[in-house]
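In what follows, a single structure is set out as structure tokens and then discussed.
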Amino acid sequence: EYIDSYVFNKAEYIRFNSTVGKYVGYTEHGVKNAETWNKGSELAQELGELERVCKHNAANHYSVVL
């Protein structure tokens, strides 16, 4: 699971969660940004990070945990 959180003044206002597959807003400002980011290139960038970081290294991390 890949999570990218955005925090301001110790409060999370938006998060990308790979399980959900999109940005989710937790404040009024975060909800507006999530709607915009889910329609734009930001979503494609996060999905690219999921492929580049998580799926590429999953086997390595899984073997260490076992």
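The values are calculated or read from the model by the stated rules, or taken from the named source; none is laboratory data. Just so it is clear, the structure is predicted and the values come from calculations on it, not from any experiment. Ideal geometry is used to build each Cβ from the backbone, glycine not excepted, and the neighbour counts take in all protein chains shown. In case anyone asks, the SASA skips ligands and DNA or RNA and just uses the protein heavy atoms, side chains included. Shrake-Rupley method; radii C 1.70, N 1.55, O 1.52, S 1.80 Å.
Looking only at residues that are open to solvent by 40 Å² or more (accessible area, probe 1.4 Å) and within 12 Å of residue 2 (Cβ to Cβ) in the range 12-27, which one is modelled with the highest pLDDT?
15
Residues of the range 28-49 being more than 29 Å from residue 59 (Cβ to Cβ) and either surrounded by 14 or more Cβ atoms within 10 Å (Cβ to Cβ) or of a type in the set (Lys, Arg) (or both), which ones?
Within the range 28-49, 30, 31, 32, 33, 34, 37, 38, 39 qualify.
Listed here are the residues, each with its yes/no results for (1) assigned to a helix (DSSP H, G or I); (2) over 14 Å from residue 3 (Cα atoms); (3) under 14 Å from the mean Cα position of the chain (by Cα); (4) of a type in the set (Val, Ile, Thr).
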{"site": "46", "(1), (2), (3), (4)": "yes, no, yes, no"}
{"site": "50", "(1), (2), (3), (4)": "yes, no, yes, no"}
{"site": "53", "(1), (2), (3), (4)": "yes, no, yes, yes"}
{"site": "57", "(1), (2), (3), (4)": "yes, yes, no, no"}
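I'd like the full set of residues that are assigned to a loop (DSSP other than H, G, I, E, B) and touching a residue at least 24 places away in the same chain (Cβ under 8 Å), limited to the range 2-20.
2, 18
List every residue pair whose Cβ atoms sit under 8 Å apart, with the two residues 6 or more apart in sequence or on different chains, where the first one lies in the range 36-53 and is on the phi < 0 side of the Ramachandran plot and the second, anywhere, is open to solvent by 50 Å² or more (accessible area, probe 1.4 Å) and outside any helix (DSSP H, G or I).
38/22; 43/22
Could you tell me how many of the residues in the range 54-63 are free of Cβ contacts under 8 Å to residues at least 24 places away in the same chain, among the hydrophobic types (A, V, I, L, M, F, W, C) and surrounded by 10 or more Cβ atoms within 10 Å (Cβ to Cβ)?
Count: 1.
Restricting attention to the range 1-11, and to residues there that are among the charged types (D, E, K, R) and in contact with a helix residue (DSSP H, G or I) (Cβ under 9 Å, 6 or more places away or on another chain), which single residue is most open to solvent (accessible area, probe 1.4 Å)?
Of everything passing the filter in the range 1-11, 1 is most open to solvent (accessible area, probe 1.4 Å).
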